[in-house]
Amino acid sequence: MKVRRSERLIDMTHYLLEHPHELIPLTFFSKRYESAKSSISEDLAIAKKIFKERGTGILDTIPGAAGGVVFVPVIEKEEAREYINALAKRLSEQDRLLPGGYIYLTDLLGQPQLLRQVGRIIASKYINEEVDAVMTVATKGVPIAQAVSYYLNAPFVIVRRDSKITEGPTVSVNYASGSSERIEKMELSKRSLARGSRVLVVDDFMKGGGTINGMQGLIDEFDAELVGVSVFAEANFKGKRAVTDYNSLLYVKDVDTQTKTIKVVPGNYFEN
């Protein structure tokens, strides 16, 4: 059914936002709205201009018979900086300190709006990379990985520390926990990751980097390639980390259990 231009623009914008990193032919929109390709091109030019001005993302035009448009969600640097600064302030709240010097994150990682922003910020770092899968380890890293995978339009895979019968055959590796120095095991279903995949590793919190190093081992077992590592927060670790090349949104600079104070600052996201 033919629709008015205002309605067409609203529906088209919504469709683009819901299908990031997907090549959409102009003929799709032309048939959807029963409109000429020239009209669709004009509408897309308007959407492209607004996306750029608002810092929503990039609308790339692919020429040729097999071409179309691709929406790539991004976040402006200053907007990301403001959001990360606000997160650092929230994470520095005194009542977040748990026995043993751990920091309570569950309430933050349970907020849909926060997760969307975190996913958008992390995904923006890899807009020029080909990412076939986003990998995390159960359980707290799952919502972050899901948010990132949405903005990259890539599936996410979950590594587990215990075998599940519903996973079928698995590949397992042993790794040294960076914080406890224990040898532990992690597993991934053979069906979860295709051979040769380009994988982005995402996690909620990093201390010594042993868990992330273990995921690197699994990636190697699948003859896959590591694209990058991003963590929501990293701790101040005095030993030698098992991982050195990573991006962090937040850095837990100091935890004082005596005064029950936490100092959290932005991580290295803007440095790399």
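Bear in mind that the values in this text are calculations on the coordinates, not laboratory data. Please read all numbers here as calculations on a predicted model, not as lab measurements. Neighbour counts run over all protein chains shown; Cβ positions are idealised from the backbone, glycine included.
Here are the numbers for the structure shown:
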| read-out | value |
| --- | --- |
| Radius, Kirkwood style, for segment 181-272 when every pair of distinct Cα atoms is counted (Å) | 14.6 Å |
| Per DSSP, loop chymotrypsin sites (Phe, Trp or Tyr not before Pro) in segment 207-261 with at most 15 further Cβ within 10 Å | 237 |
| Options (1) 6, 26, 29, 21, 12, 5, 1; (2) 7, 28, 34, 22, 7, 1; (3) 6, 20, 24, 22, 15, 7, 3, 1, 1, 0 - which one matches P(r) over Cα pairs in 10 Å bins from 0, in percent as calculated here | (1) |
| Residue with peak Gaussian network fluctuation, the chain [Cα springs, cutoff 10 Å], from 99, 112, 155 | 99 |
| Choice from 42, 184, 22 with maximal GNM fluctuation in the chain (Cα, 10 Å cutoff) | 42 |
| Where labels lie 7 Å past Cα in the beta-carbon direction, separation of residue 191 and residue 94 in nm | 5.2 nm |
| Net lengthening on full extension, residue 23/residue 130 (0.36 nm per residue, minus Cα-Cα) | 37.1 nm |
| Segment 222-272: proportion of alpha-carbon pairs further apart than 13 angstrom, % | 65 percent |
| Within the chain, percent of DSSP bridges classed antiparallel, to nearest 5 | 50 percent |
| Anchor residue 31: aspartates and glutamates whose Cα lies under 13 Å away (excluding residues fewer than 8 positions away in-chain) | none |
| Long-range tail of P(r) for segment 5-73 (Cα pairs > 13 Å, %) | 61 percent |
| Magnitude of the charge dipole, the chain, Cβ model with Lys/Arg +1 and Asp/Glu -1, debye to 20 | 360 debye |
| Separation in nanometres of the label points that stand 7 Å from Cα toward Cβ, at residue 165 and residue 62 | 4.4 nm |
| Most mobile of 239, 168, 64 in a GNM of the chain (Cα contacts under 10 Å) | 64 |
